[in-house]
Amino acid sequence: PTVELGLAENPLILALPPSADITPEQVNAARVIAAQFTERTGYVVVVVAPDSHTALVQALEAGNAHIALLDPLSYALAYQKDLVRAQYATVRDEKFKYGAQFLAARRDGFKSYFDAESGENTADASTALAQFADKKPCWSEETSPSGRLIPLGLLNQAQVQTRTAAFVGGQTTVVRSLYAGGICDFGATYIDARKFPSLEDAMPDLIEQVLVIWRTPEVIPYEVLVFSTNMPQPMRNLFFDLIPAIMQTDAGNAAFRTAYEIEEVQAVSDGDFNDFHTLMRE
């Protein structure tokens with residue numbers, strides 16, 4: 001049953017980012033944010049520190065978390081269960097979403113449908129990805145949005161069946177694997193993992209030898225600040241308005257940086273991530 005929120009015996013719960021080693025500084029910073037919420041609304045707000053992303057989603061499901069910053073995968077899972085509503089997204093380099101890219105080695109003869117000069121694709125996904133039918137992908141990890149989940153969603157959407165993948169344990173390792181050859185036929189990374197400093201140092205001809213075949217639209221959020229669907233809409237509206245107000249104070253800004261490593265946010269809704277949710281379900 002939905003709990004009556006805001007009462008002393010049923011406080012509103014602010015969750016810290018999942019970590020097995022939360023620092024006292026992070027906890028104290030989150031308590032500063034919680035105190036600001038309480039002072040400005042009268043609702044009792046307490047802090048919890050989940051030790052994993054799974055534990056955080058479970059806490060949202062159990063009514064034991066109401067305000068949280070979710071990584072893309074946790075956000076997708078929580079949204080699919082109708083546990084959360086997106087309120088703000090973190091901003092990096094003036095963007096709140098990023099894309100992925102399909103890569104292959106030049107020597108393997110795949111056709112690139114990406115124009116590096118314009119930064120634009122020259123064909124749609126189904127045309128570009130058809131050449132990966134019955135080929136072996138290198139994925140970074142099973143749970144990586146840019147290194148597997150979104151690229152796989154696009155392959156499934158285009159009805160491209162591939163061979164059993166090699167999981168190589170990191171996006172720079174995907175690039176290294178394609179450069180070395182003999183491990184997989186193509187791979188996927190964030191844009192542009194080829195330019196990671198240690199890779200360029202070790203393989204000066206990397207950009208010439210490992211090609212971008214096609215780039216996905218920017219659909220993947222960095223992180224999403226969500227409110228629980230257990231919070232009544234008027235309460236969500238109230239706290240939504242308070243977050244930028246708190247971040248504009250010196251103490252609030254410092255607290256968000258320390259607790260969540262947030263420097264800038266943009267107001268969003270779940271509709272801003274429709275393409276992301278569609279591909280995560282594919």
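The values are calculated or read from the model by the stated rules, or taken from the named source; none is laboratory data. What you see is a predicted model, and the numbers here were worked out from it, not measured in a lab. Positions of Cβ are generated from backbone atoms using ideal geometry, with glycine treated the same way; all protein chains shown enter the neighbour counts. Note: accessible area is taken over every heavy atom of the protein model, side chains too, but ligands, DNA and RNA are not part of it. Shrake-Rupley method; radii C 1.70, N 1.55, O 1.52, S 1.80 Å.
The condition of being open to solvent by 50 Å² or more (accessible area, probe 1.4 Å) and closer than 17 Å to residue 146 by Cβ holds for only one of 220, 191, that being 191.
Going by the structure shown, is residue 92 touching a strand residue (DSSP E or B) at 6+ places or on another chain (Cβ under 9 Å) and closer than 20 Å to residue 18 by Cβ? Reasoning before the result, please.
Details: touching a strand residue (DSSP E or B) at 6+ places or on another chain (Cβ under 9 Å): yes; closer than 20 Å to residue 18 by Cβ: yes.
Yes.
Apart from one condition, residue 50 fits all of (1) touching a strand residue (DSSP E or B) at 6+ places or on another chain (Cβ under 7 Å); (2) at pLDDT below 95; (3) within 14 Å of residue 231 (Cα to Cα); the exception is (3).
Yes or no: the stretch 16-24 includes at least one residue that is hydrophobic (A, V, I, L, M, F, W, C) and outside any loop (DSSP other than H, G, I, E, B).
As a first pass, look at the stretch 16-24 and keep what is hydrophobic (A, V, I, L, M, F, W, C): 16, 20, 22.
Filter again for outside any loop (DSSP other than H, G, I, E, B), leaving none.
No, because not a single residue in the stretch 16-24 is hydrophobic (A, V, I, L, M, F, W, C) and outside any loop (DSSP other than H, G, I, E, B).
Criterion applied to 220, 243 was being of a type in the set (Val, Ile, Thr), more than 14 Å from residue 104 (Cα to Cα) and under 18 Å from the mean Cα position of the chain (by Cα), and the one residue passing it is 220. Annotation: residue 47 fulfils all but one of (1) of a type in the set (Val, Ile, Thr); (2) crowded, with 17+ Cβ neighbours inside 10 Å; (3) not in a strand (DSSP E or B); the unmet one is (3).
Of everything in the stretch 156-181 that is without any contact (Cβ under 8 Å) to a residue 60 or more places away in the chain and touching a Phe, Trp or Tyr at 6+ places or on another chain (Cβ under 8 Å), the residue that is surrounded by the most Cβ atoms within 10 Å (Cβ to Cβ) is 171. Kindly indicate whether any position in the stretch 161-168 is outside any loop (DSSP other than H, G, I, E, B), at pLDDT 95 or above and not hydrophobic (A, V, I, L, M, F, W, C). No: the stretch 161-168 contains no residue that is outside any loop (DSSP other than H, G, I, E, B), at pLDDT 95 or above and not hydrophobic (A, V, I, L, M, F, W, C).
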